[in-house]
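Scroll down for the structure; my scribbles are underneath it.
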């Protein structure tokens, strides 16, 4: 997975009835876009380090390197 600042991370729920998690990448540890990522999660704006797993995908921001 490759993501850059401004891209959005979507983590698909694996349980029926649970919403997907969506957040914005605010920092990236690797210059080439590799994890871990610092993500600001919706809807409450909390931030944390994120190491992607199987249900995560990236929505690249317009003009991002990805």
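Here, each number is a calculation from the coordinates, and none is a lab measurement. Note that the structure is predicted; figures quoted are calculated from it, not measured.
What percent does the relative contact order of the chain come to when contacts are Cα pairs within less than 8 Å and at least six residues apart?
On the way: 145 pairs, mean separation 25.9, N = 66.
Answer for the chain is 39 percent.
When the Kirkwood radius is taken over all Cα pairs of the chain, what Stokes-Einstein diffusion coefficient follows at 37 °C and 0.692 mPa s, in µm²/s? Kindly include the intermediate steps, with their values, before the conclusion.
Working: Rh = 11.9 Å.
The estimated diffusion coefficient comes to 276 µm²/s.
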